[in-house]
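Undergrad: First, the structure itself, so that you have it in front of you.
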Amino acid sequence: MRVSGYGQTGPYSSRPGFASVGEAMGGIRYINGFPDQPPPRFGISLGDTLTAMFAVEGFMMAAYWRDARGGKGQIIDAAIVESCFSMLEGALPEYDKCGVIRTPSGTGLPNVAPSNIYPTQDGTYMVIAANLDAMFGRLCTAMGQIELATDDRFVDHKARGNNDAKLDNIIGQWTSGLTMDELAAALDEHGVVHGPIFSIKDIAEDPHFQARDMVREVADEQFGTLKVPGVAPKLSETPGDIGWLGPSEPGQHNSEVLGALGYDEDKLEELRRNGIV
């Protein structure tokens, strides 16, 4: 397993790499944010997480291939910049065949409407995603403006995309007259995809996250009881669990692990003296 900034081959392979640069060179930072503003970074090290996921996928594929093909292993080469690049959907063929360079689109997506954030009466925002024709019809019913579903400006996906600013303004006028709870109830009643923008406080207190065991309390020898994210995805036959949060000190279990591998105490002391463990 080899995880690096740029991979084990190619002209950049000898460079050190971090998620910040992988996100930039992999293209996802270029399309983040708002037009005519410097491209901001995500609030997390997304490149690190993506690369870890690709590395695990590679490990699973290699293990399956090994078992199916009689025991031959292979090297897994996961790069941060490639993991980020792989998230760009159709950006490369769009550029190749149409010369289109995707740019930041703010709170929505180009030519996909309605799919944006909309203000509420109590100063919050609700994400509403009703870009499919049937879903848009249900939204129009919830709004009490069913005539919008047959309006030439909004009659299908292409028309709504071409008139997204007008449509967002109409929906925003409606949502701004309702509280978050009232808006959620109206959208739930008509089966419209929606959701609030949660902070970590909202997630920690949300009954759905709790019911799904995604907010777990685990005992830690240093911090006591600690809330941590649960395990995803959920497997029906072999569900994952959290046994412990790892050692509080680096190398805490060196003697136990290396002893199980046959290292005696003299050899362990030699490794310590040489700064190996």
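Undergrad: Calculate I(q)/I(0) for the chain by the Debye formula, one identical point scatterer on each C-alpha and no solvent, and give its log10 at q = 0.14, 0.17 Å⁻¹ to two decimals.
TA: These q points yield log10 I(q)/I(0) values of -1.31, -1.43.
Undergrad: On to the next question. Mean residue ellipticity at 222 nm from the helices of the chain, using -39,500 (n - 2.57) per DSSP H segment of n ≥ 4 over the full residue count, to the nearest 500 deg cm²/dmol?
TA: Taking each H run of at least 4 residues, the total per residue is -11500 deg cm²/dmol.
Undergrad: Further question: Can you give me the angle between helix 164-175 and the longest principal axis of the chain, using Cα atoms only, in degrees from 0 to 90, rounded to the nearest 10?
TA: 90
Undergrad: Report the chymotrypsin sites (Phe, Trp or Tyr not before Pro) located in segment 124-198 that are in a DSSP loop and have at most 13 other Cβ atoms inside 10 Å of their Cβ, or state none.
TA: 198
Undergrad: Continuing with this model, one more query. Would you give the gap between the C-alpha center of segment 153-167 and the C-alpha center of segment 27-41, rounded to a whole Å?
TA: Result: 25 Å between the Cα centres.
Undergrad: I've got another one for you. For segment 75-221, state the average projected area of the convex hull of the C-alpha atoms over all orientations, rounded to one decimal in nm².
TA: The number I arrive at for segment 75-221 is 14.2 nm².
Undergrad: What is the dipole size for the chain, taken about its Cα centre, with +1 at each Lys and Arg Cβ and -1 at each Asp and Glu Cβ, in debye to the nearest 20?
TA: 940
Undergrad: Using DSSP loop states and a limit of at most 14 other Cβ atoms within 10 Å to flag GluC sites (Glu not before Pro), what is the longest stretch of the chain containing no flagged site?
TA: Longest stretch, sites excluded: 90-220.
Undergrad: Taking the solvent-accessible surface of protein heavy atoms with a 1.4 Å probe, what is the per residue accessible area of segment 182-221 in Å²?
TA: Heavy-atom accessible area per residue stands at 68 Å².
Undergrad: Quick one: Karplus J couplings for segment 196-203, per residue in order, coefficients 6.51, -1.76, 1.60, θ = phi - 60°, nearest Hz, x for Gly and Pro?
TA: These are the phi-based 3J(HN,Hα) values: x, 8, 8, 8, 5, 5, 4, 4 Hz.
Undergrad: I'd like the distance between the alpha-carbon centres of segment 220-259 and segment 77-151, rounded to an integer number of Å.
TA: 38
Undergrad: Quick one: Cα convex hull volume of segment 22-121, Å³ per residue?
TA: Each residue corresponds to 169 Å³ of Cα convex hull volume.
Undergrad: Please report, as a whole percent, how much of the solvent-accessible surface of segment 177-277 comes from carbon and sulfur atoms (probe radius 1.4 Å).
TA: 53
The values are calculated or read from the model by the stated rules, or taken from the named source; none is laboratory data. Keep in mind the model is a prediction, meaning the values are calculated, not measured. Note that each Cβ is placed from the backbone with ideal geometry, even for glycine, and that neighbours are counted across all protein chains shown. Each accessible area value is taken on the protein alone, full model and side chains, heavy atoms only, with ligands, DNA and RNA left out. Shrake-Rupley method; radii C 1.70, N 1.55, O 1.52, S 1.80 Å.
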